[in-house]
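Shown next, in C-alpha cells, is the structure this report addresses.
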C-alpha cells in the first residue's frame, strides 16, 4: 500500500544506489509529515504561546529537529559548514520537560515562522544532497557516518509524537483538524476488564549491534530475564474503568498516592485526567485538535502518578497485589501474546504507526492473542525506571540521548501509541519519560506476588570516587599496569608456602585489591574509612558491575561500566566482605589474618605510629604485612609532629622507610629489598598523576 507511513529501513543492504533511494524516501517522508503536523496550528501566535509552562513553545520544536540534522551531520563529518549558526545554537537544547515545580521563564528571541520555514527548506536541500552524493560504505551501522542521517530521521519521528502531545494541550483556538490526521470515530460500551494469566518464562531484552535497523544507545546489548508467573489485565484501562477511581474520590484520597505523585497532584490541582473536559454533567475528551463526547471504551490517558494511584486504589478495593507491570513483564506479555513487528507493506494489526487513526480507539478493537493492545493505541507505563543494559555505550555523536535519564526519575513506557512510528514501533525500543509527563500514554495493570524490581540505573558522578573507580577497575594508561592488581600479585607471591586462609585489605578504597587477593585467599576483608568507597566494592560484590562518569574536559564526561566478569574476578564475589572502619582504631574482630595489605595508607593516617606499633596484633605468626606508599606527607592528613619520616632527625635525613624499620623491627623482619611500583591516576582526558609507591614486605616473627 503506497499510503503507508514508511517503516524504519533495513540498513544491511549491499546495493549503494538502492540504499540511497531508500534513505532519501525515508527522509523526505518523515520531513514532510513533520511539517504537515504543524499545519494543525491555526496562526503564527500558536507557535509562540506555550501549551504548558514546563516546555518551550512549538516554534522551538519546529526548528529543533532541523537543527539536529545539521549539528549531527557536522559531528559525523558528512557536512563541513553550518547553515545558520544562530538557529543551530538556539534550537539545539531544552527538549526534556522540567520538573513540575521547576518553572523556566527564560526569554528567547525566536525567529518568525516564515524565517524558520525557509531554514527548514535549506536543511531539506542539504540533507537531500548528502544522501545523493556523499561517499557511502555499506552496511550502514553504528560506526558508519551515515548513522547520523538515520539518527536525524528517527529523532524527528520522536518529535512528531511529542509535538502532537503539546498540540493536544494547546488552546483549542490555536489548533484545527486536518484530513491527514483523522481521529477514530468508533466508540461503544467499554468491555469489562479481566485478568489473564501469563505463565512464567524467559524473555530477552535488548538487541545486538548487528541488528540491521536503527537503534538508540539504550537498546543495545541486553539481558535475559526470568519472569515469574503473573496476571495481566486483558485490556488497557479504559476511560470507563478509570472513572470508577475518579468517582470514588481517588484524586482526593491521599492513601492512593505516593509522595512524589501527591506533590504533583497538589501542584497541578488535578481532580481528573488532564485530557478529560467537564461539560456540565457530562465529560468530553480532548484530542489533538478537537473535543469529542467521551468515548468510554477508549484507553484512559494519564501520567505515571495517576496510573500508580489507580493501582493502589484497586489493590485496596480488591485485596489483590495490583501494580503496573515491569519492563520484563511487558516483554514476557509481548512474547506470550505472539505479537509481531509492524509489517513492511500492509497495515499493522494494531493502532500504531499512523496506520489507522490519529487518536486512540476502543480498547477491544485490536486483539493480540488473549490480550488487546499489547502494542499500539497508547503507550503503557511500567514500574521500571530506565536503566542501562550491561555493555551499554553512548554513541559518540549523541552522548546525552539516554544518559540524563539514568536518574531513577524517568520510567519506561512500552508498546507505542497510535502515532509511534519508525524505531518507536519496534519491540526493542526503550523510551522513558518523567513520571509527571503527559504522553499519549495509558496503562494496563498486573497482579503478582513478586515485587517490582529493576537493575540499578545510577551512574556514580562524584569526581573523586569516579577517579578511584577508574584507578582500580578502568583502563591502563601509558603502559603502567593496574596498581591494585600488581600489588595483589606481589603479595600472593610472598605467601608461597604459607597459609592463605584470610587476608585484610586495609584502606581498600573501591576494592580492586580485595577481589584480586580473593583469587588466592579463602576470604578477604576490605576495610576503608570512606563509606562511599566501600559501597562501590559492595555493589560489585552484589551485582558484579559498577557504573560511573569520568571527567573528560570541563563539563564533558564519558560513561563507564566495569564488570568483575571482564576482569576474570566473577568467582571471587562470594569470598570478599567490605566494612567501614578506621585503621587507627580497628575493631577487635579484625584479627587472625594470614596477610595484611596497607596500600598507600600510612601517609594518609591521622595517627600512623600507633597503627604500626599495634598492627602485629592483627596478624598471625608467620603472616605477611605489605605496606606501600609514595610517602606524600601532608599536614591536611597528618599533623607535622606525627609524620613518620620525611624530615631531619638528629641532624640527619630520616625517611619513612627508616621509621618503618625502627617501628616494625621488634615484631617483623623485612623479607626483601623495597621495590617501586608505579601508578597512574586519571584526572581528565589529558591530565594524569604519575607516582611511585614503595613496596615493603614484612614477616611477623614475634
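Values in this text are rule-based calculations from the coordinates and carry no lab data. Given the structure is predicted, the values throughout are model-derived calculations rather than measurements. Methodologically, a virtual Cβ is constructed for each residue, glycine included, from the backbone with ideal geometry; neighbour enumeration extends over all protein chains shown.
By DSSP, the beta bridges lying fully in region 463-700 are antiparallel in about 60 percent of cases.
Starting from the Kirkwood radius over alpha-carbon pairs of the chain, derive D by Stokes-Einstein at 20 °C in a medium of 1.002 mPa s and give it in µm² s⁻¹. In µm²/s, the coefficient rounds to 74. Per-residue ellipticity at 222 nm, computed for the chain from helices alone with -39500 (n - 2.57) per DSSP H run of at least four residues, works out to -9000 deg cm²/dmol.
Note on region 405-478: semi-axes of the ellipsoid equivalent to its C-alpha gyration tensor, largest first and rounded to whole Å, are 34, 17, 13. Relative to the globular-protein estimate of 2.2 N^0.38 Å, the Cα radius of gyration of region 463-700 stands at 1.00. Among DSSP beta bridges whose residues both lie in the chain, state the antiparallel percentage, nearest 5. Of the beta bridges lying entirely in the chain, close to 70 percent run antiparallel. Ordering 52, 158, 59 from the fewest to the most neighbouring beta carbons within 10 Å gives 52, 158, 59. Between the helical axis of 58-76 and the dominant principal axis of the chain, each derived from Cα atoms, what acute angle in degrees is found, rounded to the nearest 10? Rounded to the nearest ten degrees, it is 50. Among 421, 584, the order by Cβ neighbours within 10 angstrom, fewest to most, reads 584, 421.
Label reach from residue 226 (point 7 Å along Cα→C-beta): in region 324-368, amide nitrogens under 19 Å belong to 326-333.
Counting every other Cβ atom within 10 Å of each residue's Cβ, 430, 39, 682 order from fewest to most as 39, 682, 430. Of the two radii for region 509-618, the radius of gyration is 1.02 times the Kirkwood radius, both from the alpha carbons; that is the Rg over Rh value. Remark: region 16-174 is approximated by an ellipsoid whose semi-axes, taken from the C-alpha gyration tensor as √(5λ), come to 30, 16, 15 Å, largest first. The alpha carbon centroids of region 166-244 and region 615-675 are separated by 65 Å.
Between the helical axis of 483-494 and the dominant principal axis of the chain, each derived from Cα atoms, what acute angle in degrees is found, rounded to the nearest 10? That works out to roughly 40 degrees. Compactness check for region 232-303: Cα Rg over 2.2 N^0.38 Å is 1.15. Extension gain, residue 579 to residue 121, is 158.6 nm, computed as 0.36 nm per intervening residue step minus the present C-alpha separation. Would you mind pulling out the separation of the Cα centroids of region 335-363 and region 486-524, in Å? Computed from Cα coordinates, the inter-centre distance equals 58 Å. Shown here is the pair-distance distribution of region 334-415: with all Cα-Cα distances grouped in 10 Å bins from zero up to the longest one, the shares run 16, 35, 29, 20, 0 percent.
Here the Kirkwood formula, the inverse mean of 1/r across different C-alpha pairs, assigns region 161-222 a hydrodynamic radius of 17.5 Å. Treating the angle as unsigned and between 0 and 90°, give the value, to the nearest 10°, between the Cα long axis of helix 327-337 and the longest Cα principal axis of the chain. Helix 327-337 sits at roughly 50 degrees to that axis.
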